Amino acid sequence: MEYVMKELKKIKKTLLYEGCFDWEKEGVFNPGVIVENNQVHIIYRAIRCDNYSRLGYLRLKSEKDKEVEKYEYPIISPTEDYEKQGIEDPRIIKIDNTYFLTYTAYDGKNARIGVAESKNLINFKKLGLISPNITFLEALNISKSERYKEFWKQQIKEKGENIIIWDKDGCLFPEKINGKYALLHRIEPDIQIVYFNDFFELKDKDFWEEYFRNIEEKIVMKPIYKWEKAKIGAGAPPVKTEFGWLLLYHGVDENRVYRAGLALLNLENPHKEIARLSFPLFEPDYDWEKEGNIPNVVFPSGAFIKEGIFYIFYGCADKRIGCAEIEIDEIKKLLKKS
Ligand code: BMA
């Protein structure tokens, strides 16, 4: 791999968990993370031999020693038609007293964003789908964006015109912005943002038709560098700092290598990108990041800052869970330079 800056070779990476139960036999990866009462809670994607994903739960005894406490059974499994082939890529946040978990709901044809809520991180109530219920063909007719139309025509060739727009990588901000919920999501190949009052609003077709008309105005980030050329997607829910929202994301190149990128969004108006590293923060280096169900994938999906260290949790080759650590001062320096 050739993109990472020399000074970033120092980033500390640890292989955290490889799975041990029957239902996670084929892989555990892409962990959502939240810190509560000084404890790190991890909800991750797990696959058995059938490739239908469920979600499992782990607790870290402490972020330093990386010892895990495991929960023996999946905590969320597919129960609804729209997720019948898998619940994937969870991200967690807490607003007021409720945890919200966003995930990719896959039914074998359509990939959309689902949301579930919980008071204790173990028992979740599903609230349904929150991504646009609009087909590629409808989107072509509604939208004014020539750029997106080109992408959608391509997708129609691959998937069919009556498939619902693929929408993944849903990451909620951990607080309301100007009184509204804010969700980063990914309609290929960019990261967009949607603001809303409650989840019901996102079930309204008119709401999304309006959104699609001017979809280019909803873009937060587009791929610009070679290593993110094919597409980008939000990784961990944004982490608040005094200098802006830190957004970890994944960038996919033309050879399908996934790398971790870092950007900074404006605090009051996260629609505005303030800075972005021109190089990946990290990329697959170790065998356990390079070899797995899908080779050469690092997929950040959870993060927090504690005592000056930025902890990043990520999926490795769709097979394992890793943790990367970097000093927050180092992050500040890098972002300032860019
Ligand atoms: C994406 C998602 C992720 C996965 C990644 C790399 O489309 O399916 O769950 O980690 O591809 O295979």
> How large is the helix-only mean residue ellipticity at 222 nm for the chain, computed as the sum of -39500 (n - 2.57) over DSSP H runs with n ≥ 4, divided by its residue count, in deg cm²/dmol to the nearest 500?
Replying inline: -3500 deg cm²/dmol
>> Which chymotrypsin sites (Phe, Trp or Tyr not before Pro) in the stretch 278-317 sit in a loop by DSSP (not H, G, I, E or B) and have at most 16 other Cβ atoms within 10 Å of their own Cβ?
In response: TYR286
> To the nearest 20 debye, what charge dipole does the chain have about its Cα centre, counting +1 at the Cβ of each Lys and Arg and -1 at the Cβ of each Asp and Glu?
Replying inline: 500 debye
> Sorted by average packing, counted as other Cβ atoms within 10 angstrom per residue and highest first, what order do 87-94, 50-57, 143-150, 216-223 take?
Replying inline: 87-94, 50-57, 216-223, 143-150
> Summing Lys, Arg as +1 and Asp, Glu as -1, what charge do residues with Cβ under 9 Å from the Cβ of GLY19 carry, GLY19 excluded?
Replying inline: 0
> Which whole-number percent gives the relative contact order of the stretch 253-329, counting Cα pairs below 8 Å spaced six or more residues apart?
Replying inline: 23 percent
>> Explain nothing, just compute: Karplus ³J(HN,Hα) = 6.51 cos²θ - 1.76 cosθ + 1.60, θ = phi - 60°, for every residue of the stretch 164-171 in order, whole Hz, x for Gly and Pro.
In response: 6, 3, 6, 9, 9, 6, x, 10
> For the peptides 243-249, 126-132, what is the packing order when you average, over each peptide's residues, the other Cβ atoms within 10 Å and list the highest mean first?
Replying inline: 243-249, 126-132
> In a shell of Cβ-Cβ distance under 12 Å around TYR311, excluding TYR311 itself, what net charge do Lys and Arg (+1) and Asp and Glu (-1) give?
Replying inline: +1
> What is the antiparallel percent of DSSP beta bridges lying wholly in the stretch 256-338, to the nearest 5?
Replying inline: 95 percent
> Considering amide H positions built from the backbone, and no H for Pro or chain starts, which residues 5 or more places from GLY261, or on another chain, come under 5 Å of its amide H?
Replying inline: TYR249, HIS250, GLY251, LEU281
> What is the Rg over Rh value, at two decimals, for the chain, using alpha-carbon atoms and the Kirkwood definition of Rh?
Replying inline: 0.93
> With Cβ to Cβ distances under 12 Å as the rule, what net charge do the other residues near TYR73 carry (K, R +1; D, E -1)?
Replying inline: -1
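None of the figures in this text is laboratory data; all of them are computed from the coordinates on show. Note that the structure is predicted; figures quoted are calculated from it, not measured. Note: ideal-geometry Cβ built from the backbone for every residue, glycine included; neighbour counts use all protein chains shown.
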